[in-house]
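Following: one structure in structure tokens, then a few remarks.
The values are calculated or read from the model by the stated rules, or taken from the named source; none is laboratory data. What you are looking at is a predicted structure, and each value in this text was computed from that prediction instead of being measured. As a convention, Cβ positions derive from the backbone with ideal geometry for all residues, glycine included, and neighbour counts pool all protein chains shown.
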Amino acid sequence: MNNELDKDALCPMPVLALRGLVMFPNMVMHFDVGRKKSVAALNKAMQENQRIFLVAQRDIRDDDPSFEQLYKVGVVAEIRQILKMPSDTLKVVVEGLYRAKVRQKGELEPYLTAQVVQYPCRKSRTDDQVYVDALMRAIKALFEEYMMLSPRMPKDVVMSIMSCENPANLVEHIAGNIVLKYQDKQQILEESNIIRRLEMLSVILENENSVLSVEQEINEKVKEQLDRNQREYVLREQIRIINSELNDSDNPAVEAETYHEKIRKLHLKEEVEKKLLEEVNHLSKLPNNSHEAGVIRGYLDTCLDLPWNTSTKDKVDIQKARAVLDRDHYGLEKVKDRIIEALAVRQLVPELKGQILCLVGPPGVGKTSIAKSIAQCMGRKYVRVSLGGVRDESDIRGHRKTYIGAMPGRIINALRQAKSNNPLILLDEIDKMGNDFRGDPASAMLEVLDSEQNVAFRDHYIEVPFDISDAFFITTANTLDTIPAPLLDRMDVIHLYTYTREEKFHIAKEHLLQKQMKKHGLLSKTFKLNDDALYVLIDNYVRESGVRQLERMIAALCRKAAKKLVAKECKKVTVTAKNIEEFLGPKKYKVEPLLSRDEVGVATGLAWTSVGGETMPIEVSVVDGSGRLELTGSLGDVMKESAKAAITYIRSRAEKLHIDKDFYKNKDIHIHVPEGAIPKDGPSAGITMASALISALSNVPIKRDVAMTGEITLRGRVLAIGGLKEKTMAAYACGMKTVIIPQDNLPDLAEVTPVVKEHIRFVPAQNMDDVLHEVLAQVPPCEEPQKEPLMPPPAQAQGQTQALPI
Ligand code: ADP
């Protein structure tokens, strides 16, 4: 061997620069060789004695390193095998023989050569032996730990390391086989002192172990997370496949998975998603056909059906909106203007939420259909929520799902029905909402309409908050009186009034008739309703403020016509004023002339009801008796008190009115207000009762064509009343010529329909004397100065007719 070494030392040996690798003695290693110089060096070695000096280069980026760029210490190795690879590279297997160091640099071209000498480790001193043994033991222990952390080494290598007794070999063996930076490996290779080498390796191993254990910890965590996700994914996938194979929707796991998937797809807010997933979890633990499972299934289905993130895009063309409103509705100019204004504001300030319109007016004047048109011109879904008769808070907010038959409230149901979270919700008949011991629905309604609170509206059934602030709320009411003030406060009120005869005619002709004909499959060549027949329909078949009944009557006509056509009784049906009774039967309301003469004790009052204005005759009869007062006709307390106030006023003015001042002792008075079965109340009949009483007591007739409205005080002052527009329309409809109104109501005349103003003379009254002056047919009994009427007498008398039930 020594001879061989000497030979090696004498002749220059090919040098192969290793990139990022360090070779150790007694180690078999394979690597690829591609650089020209390296290939030439290998070839040369193969031609000689197959020995080559392997030395690491300092910087792996150097492609053609010179001696300065190589370390000094390397290993002389024997080439065991060379394989030519297709890409002109060689795969080499070498075995390290001994550590060596460059003694003399040789050629640079065509490959590096150098004279090298063996560089053996210095033997340790015998008294250091114990320390060396200890170090070796420690290193083996560290290596064992290393193996636990990085168990990638072949078993035979491990065995040979663990059984190695030579300290120098041990170090080289370990350093050659573990993953280390090449600089560290080179440092170990260069170190000749055994003890220092051992110490160096133990520090490196110690370090390596701690890095590896941290790395392992991180890996474990990542793996754990990955495993969990992977596992879940795989399980779910399996369930899905099993489900589709078996078509087994009854399996709780399958069901839970289906719910899971649906919930995830909705991208809900964290709070909501958590709650729903909890319910699914709960469901999966319940027996399949238990009652509770049914409840939870119902709950989940309802929740998943809600439009959490579905909305429609608003159309914001004001001109088009107006066109839609005009197309669907005749007249109602002011109402349309107000609506367009509201829409314009919405367009300018889209984030302005909580604007709520309230359409107030008698039934059938188009509140609902206006709301529908608004939805259409805004491009929103339309849903109607009927609030009439709602007495229970849970109607609005739902019942907790634990109750049997629990359901969400009407608001959530409406959204579910709309399938969009920004529909137009029509809250119909908000004035008919009551309250009782079951809770106050109005306060729940407040939350619905309050833009601060409805961002997170809580339904008892749904339990999680739902944002309803994007919905556009429109309410309707017949009267504002019964709407709780805080609710009314939040609404923008738009009034719709009773239609006049002419308006009804136009609505019917231009809208209702076409609508019904289309519905009933009639064409203009098969069906015709003459104008005079339409007027008969309006005058004699319906009695209403709006046009709903009228529409029903037209529908009835269409039905009958359709029947005739189908039965081939004729080819075209024409309804005229003459033949209308053949279709609809006898007229329901006869057009009667006004009373044929002025009568004693009968005065015509004007009443306002939620369905519009009406005339209200009041009859008084006085007979000898003992001063009893009888009031009949379902009168309310306020009306009864009004009658008593009127009597007290008459007593105080008896002398001036030429009435027996003891009438309250020796006469029985009976006041009756037909129609007896309909309840009536309110103070506005005060002056009418007083007039009828005075007429009956003084035997002076009352003018048949004068109607009146006004409250009376004990001193005979006339106080203002409400609903003037509707009342005067009723007076006009039944052919009155004069209407006495309280002086304080004069400003309200501006609202009165023009056609009514044209035909009726309005007389303002400050006190009862003004009223009597106008209403009594003969010389007034009191000597008050005469009042100028507010308006000139009508130019032409309206048909003196009165529609009364037959
Ligand atoms: P409300 O909600 O006020 O009770 P609706 O909206 O239900 O009344 O109206 C009843 C019917 O009368 C509907 O078919 C409606 O289209 C029709 N209608 C009411 N007013 C008009 C109008 N001005 N022009 C056209 N149709 C009308």
Review point. Can you pull out the residues in the range 110-143 that are closer than 24 Å to Val171 by Cβ and in a strand (DSSP E or B)?
Key: Val116, Val117, Gln118, Arg122
Exercise for review: Check whether at least one residue in the range 296-317 is exposed (fewer than 14 other Cβ atoms within 10 Å of the Cβ), closer than 30 Å to Leu550 by Cα, in contact with a helix residue (DSSP H, G or I) (Cβ under 9 Å, 6 or more places away or on another chain) and in contact (Cβ under 8 Å) with a residue 24 or more places away in the chain, and report yes or no.
Suggested key: no
Check your understanding: Can you spot a residue in the range 303-315 that is more than 16 Å from the ligand (Cβ to nearest atom) and modelled with pLDDT under 85?
Key -> yes
Check your understanding: In the list Glu107, Glu78, which residue meets the criterion of being among the charged types (D, E, K, R), on the phi < 0 side of the Ramachandran plot and out of contact with any Pro (no Cβ under 9 Å at 6 or more places or on another chain)?
Key -> Glu78
**Study point:** Options Glu245, Glu232, Glu237: the member that is outside any loop (DSSP other than H, G, I, E, B), free of Cβ contacts under 8 Å to residues at least 12 places away in the same chain, surrounded by fewer than 10 Cβ atoms within 10 Å (Cβ to Cβ) and more than 30 Å from the chain's Cα centre (by Cα)
**Key:** Glu245
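Answer yes or no as to whether Lys334 is in contact with a Cys (Cβ under 8 Å, 6 or more places away or on another chain), part of a helix (DSSP H, G or I) and not aliphatic (A, V, I, L, M).
On the way: in contact with a Cys (Cβ under 8 Å, 6 or more places away or on another chain): no; part of a helix (DSSP H, G or I): yes; not aliphatic (A, V, I, L, M): yes.
No, not satisfied.
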Practice item. For the range 462-476, indicate whether the set of residues that are within 16 Å of the ligand (Cβ to nearest atom), within 26 Å of Ala418 (Cβ to Cβ) and among the polar types (S, T, N, Q) is non-empty. Key: yes
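Quick check: is even one residue across the range 440-449 β-branched (Val, Ile, Thr) and either over 27 Å from Pro363 (Cβ atoms) or within 16 Å of the ligand (Cβ to nearest atom) (or both)? Reasoning before the result, please.
Going residue by residue through the range 440-449, those that are β-branched (Val, Ile, Thr) are 448.
Now restrict to residues that are either over 27 Å from Pro363 (Cβ atoms) or within 16 Å of the ligand (Cβ to nearest atom) (or both): none.
For the range 440-449, residues β-branched (Val, Ile, Thr) and either over 27 Å from Pro363 (Cβ atoms) or within 16 Å of the ligand (Cβ to nearest atom) (or both): absent.
Within the bounds of the range 505-528, is there any residue that is away from the ligand (no atom under 16 Å from the Cβ), part of a helix (DSSP H, G or I) and surrounded by 15 or more Cβ atoms within 10 Å (Cβ to Cβ)? Steps first, please.
Start the filter on the range 505-528 by keeping residues that are away from the ligand (no atom under 16 Å from the Cβ), which leaves 521-528.
Okay, now just the ones that are also part of a helix (DSSP H, G or I), so none.
The answer is no; no qualifying residue exists.
If we only count helices (runs of 4 or more DSSP H) wholly inside the range 612-698, which ones have 3 or more residues that are farther than 30 Å from Leu496 by Cβ and either under 58 Å from the mean Cα position of the chain (by Cα) or charged (D, E, K, R) (or both)? Spell out the reasoning first.
Working: elements: 637-653, 663-666, 686-698.
Because the criterion is at least 3 residues that are farther than 30 Å from Leu496 by Cβ and either under 58 Å from the mean Cα position of the chain (by Cα) or charged (D, E, K, R) (or both), the helices (runs of 4 or more DSSP H) in the range 612-698 that meet it are 637-653.
So that you can scan it fast, the table gives a plain yes or no per residue for (1) modelled with pLDDT under 90; (2) assigned to a loop (DSSP other than H, G, I, E, B); (3) of a type in the set (Gly, Ala, Ser); (4) under 27 Å from Asn169 (Cβ atoms):
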residue	(1), (2), (3), (4)
Val55	no, no, no, yes
Ile60	yes, yes, no, no
Glu78	no, no, no, yes
Asp88	yes, yes, no, no
Val92	no, no, no, yes
Gln104	yes, no, no, no
Leu108	yes, yes, no, no
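Scan the range 550-571 for residues that are of a type in the set (Asp, Glu) and either farther than 27 Å from Ala733 by Cα or away from the ligand (no atom under 16 Å from the Cβ) (or both) and jot them down. So that I can check it myself, show each step before the final result.
Pass one, the range 550-571, residues of a type in the set (Asp, Glu): 551, 569.
Answer for the range 550-571, where residues must be of a type in the set (Asp, Glu) and either farther than 27 Å from Ala733 by Cα or away from the ligand (no atom under 16 Å from the Cβ) (or both): just Glu569.
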Point to revise | Within the range 334-347, considering residues that are more than 10 Å from the ligand (Cβ to nearest atom) and among the charged types (D, E, K, R), the one nearest to Gln549 (Cα to Cα) | key: Lys334
Practice item. Output yes when any residue across the range 539-549 is over 30 Å from Lys432 (Cβ atoms) and within 15 Å of the ligand (Cβ to nearest atom), and no when none is. Key: no
Point to revise | Residues (in contact (Cβ under 8 Å) with a residue 12 or more places away in the chain, under 26 Å from Ser192 (Cα atoms) and among the acidic types (Asp, Glu)) located in the range 65-93 | key: Glu78
Check your understanding: Any chance the range 348-359 includes a residue that's in contact with a helix residue (DSSP H, G or I) (Cβ under 7 Å, 6 or more places away or on another chain), in a helix (DSSP H, G or I) and within 16 Å of the ligand (Cβ to nearest atom)?
Key -> no
Practice item. Filter the range 369-390 down to the residues that are farther than 17 Å from Arg327 by Cα and in contact with a Leu (Cβ under 9 Å, 6 or more places away or on another chain), then identify the one that is nearest to the ligand (Cβ to nearest atom). Key: Arg384
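If I filter the range 361-368 for residues that are under 24 Å from the mean Cα position of the chain (by Cα) and either within 12 Å of the ligand (Cβ to nearest atom) or closer than 19 Å to Asn454 by Cα (or both), do I get at least one hit?
Going through the range 361-368, the residues under 24 Å from the mean Cα position of the chain (by Cα) turn out to be 368.
Applying the additional criterion that residues be either within 12 Å of the ligand (Cβ to nearest atom) or closer than 19 Å to Asn454 by Cα (or both) yields 368.
Scanning the range 361-368 turns up at least one residue that is under 24 Å from the mean Cα position of the chain (by Cα) and either within 12 Å of the ligand (Cβ to nearest atom) or closer than 19 Å to Asn454 by Cα (or both).
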